[in-house]
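The values are calculated or read from the model by the stated rules, or taken from the named source; none is laboratory data. Keep in mind that this is a model prediction, so the values were computed, not measured. Neighbour counts run over all protein chains shown; Cβ positions are idealised from the backbone, glycine included.
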Amino acid sequence: MISYFIYTIISLGCSYAVYVLLLRRQKTFQFNRFFLIGSLLLCLVAPFMEVELFKAVPSITEIPLEKFTASVVETQSIEDVTFGEVQQVSQSQNSPFFYIYMIISLFLVFRFLKNLAKIYKLTRKEYEYNGKLKVIKSADSDMVSSFFNNMFIPKHHRLTRADYESIIAHETVHSEELHSVDIILLELLSCIFWFNPFIWLYKKATLQNHEFRADEKSVLSGIDIENYSNTIINLGQKEYRVPLTSGFNFIQIKNRIIMLHQSKSSVFKRTLNIISVILLFTGIFALSSCKNLDDTLSGEPLVVVIDAGHGGQDSGNLSEHEVEKRIVLEVTNLLAALSDEKVEIVLTRNTDEFLELSERTEFINNKKPDLFLSLHCNAHTDAAISGTEAYYNPKHQYAKTSLAYASVLVEHQLEHFASRGVKEASGFYLLKNTSVPGVYLELGFMTNESDRMVLTNKDQQVKIAKSIYDGLLDIKNSK
């Protein structure tokens, strides 16, 4: 998610720079409107779109498989686990920044809805038609403005006939070209992407372009340009306006007068600008479709030690034709094949070999990963019990982090198994003696027919490995 925010800021910044340098001073107002709205939406949605032409060739990543060769097994040492109080955990682990974001966003949404309600209330007042416009006299503002085909003018205005005709022509353009749609869209995007400074610059530029377009069409309709300029000067001194509306008074007088008297751009300049815009859009797609964009922006990979439970003479839980040690080893090796620049997978074992718990602990502590994940399959005397569950050590120094990671990993298994939640267990040897965040993940119950069919199916094992990887990727992106 962080990489998405960075991408949108960079791409919107580049797009806005193109507008300021190449388009803002050109009298291509319709094209400018298309560019502003189009580039804004494109920059926000492009990361979710895939364009075949720009798909990056996947890089070949070496999978770091590490195993032990110097251990001599004398006796089987399997821990006796006592859970004490086993508690299912459901507490929220959202970052404080998430709550800050939500509070500000909800405030902006509330303000938006309040302004809509205010406009709706104004439209219920008495009105008279002037052409296609519903002219409504309002005491709420000293400015002339419009919202779709509703035009609001001061209740006690003193407008000359020439000024009134100029205003009607101007607001008619806003109504006919549906400028209010742009304003609503920009307000909604501001509620979501308020943290992006370029959203506010786009909003200001779009409103300015609306006024330039309305000025141009008003003069082209037959109104004398000098009289129209005087109207802009006479009525351009007001400060308050009805929110969410387009208006005659909104944009700086100097800019409007300069643009109104400026000659049209040459064909060559317009063609050059269009080519530049096309190249910019192509660059946005190319950047957003780059496979390694997240890696470039996100820094170091998430290093995860995957421990396939049991092994060798320790078979783990048994079913009619399968043993736990083989199932978790197959899932672990499939998961290792997904190791890449984002999530680096390191294995404690990639063959059917027995490892002491102390050896596993030493390996994990020496490797110092961001997380260790021990994979297991569950069993119960009641064959009806099913589902996936995770365990973490509430007494560990990284208990809060482990809990958050466990919640993510369980959530990503819900496509394959029912959820039994995240539980506390301080008796597991690895959870107690490792110095990094750790999670035990019980994938499903071998004693349950439905779970067993998933666990022993080769295609389902591939999907389980992929879902674990997706969970690890979410963990990386949340760091």
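For the range 408-444, what are the residues that are closer than 20 Å to Leu334 by Cα and in a strand (DSSP E or B)?
Here is the first cut: in the range 408-444, the ones closer than 20 Å to Leu334 by Cα are 408-417, 439-444.
Answer for the range 408-444, where residues must be closer than 20 Å to Leu334 by Cα and in a strand (DSSP E or B): Val439, Tyr440, Leu441, Glu442, Leu443, Gly444.
Could you give every pair whose Cβ atoms fall below 7 Å, whose first residue belongs to the range 452-463 and is in a helix (DSSP H, G or I), and whose second residue is among the polar types (S, T, N, Q), counting only separations of at least 6 or pairs across chains?
Arg452/Ser319; Val454/Gln460
Can you list residue pairs whose Cβ atoms sit under 6 Å apart, with the first residue in the range 254-268 being in the same structural domain as Thr28 (by TED's automatic domain parsing) and in a helix (DSSP H, G or I) and the second being among the small types (Gly, Ala, Ser) and at pLDDT 75 or above? Count only pairs 6 or more apart in sequence or on different chains.
The qualifying pairs are Ile257/Ser229.
Answer yes if at least one residue in the range 400-416 is of a type in the set (Lys, Arg), within 27 Å of the chain's Cα centre (by Cα) and over 18 Å from Glu324 (Cα atoms), and no otherwise.
Step one: list which residues in the range 400-416 are of a type in the set (Lys, Arg), which gives 400.
Among the residues that remain, those that are also within 27 Å of the chain's Cα centre (by Cα) are: 400.
With the extra rule that they be over 18 Å from Glu324 (Cα atoms), the set shrinks to 400.
Within the range 400-416, one or more residues are of a type in the set (Lys, Arg), within 27 Å of the chain's Cα centre (by Cα) and over 18 Å from Glu324 (Cα atoms).
List pairs: first residue in the range 16-33 and in the same structural domain as Asn196 (by TED's automatic domain parsing) and at pLDDT 90 or above, second residue among the aliphatic types (A, V, I, L, M) and not in a loop (DSSP other than H, G, I, E, B) anywhere in the structure, Cβ distance under 6 angstrom, at least six positions apart or on different chains.
So the pair list comes out as Tyr16/Leu201; Asn32/Leu23.
Per-residue answers, yes or no, for (1) within 16 Å of Leu375 (Cα to Cα); (2) crowded, with 17+ Cβ neighbours inside 10 Å; (3) in contact with a helix residue (DSSP H, G or I) (Cβ under 7 Å, 6 or more places away or on another chain):
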| residue | (1), (2), (3) |
| --- | --- |
| Gly438 | yes, yes, yes |
| Glu442 | yes, yes, no |
| Met453 | no, no, no |
| Lys466 | yes, no, no |
| Gly471 | yes, yes, yes |
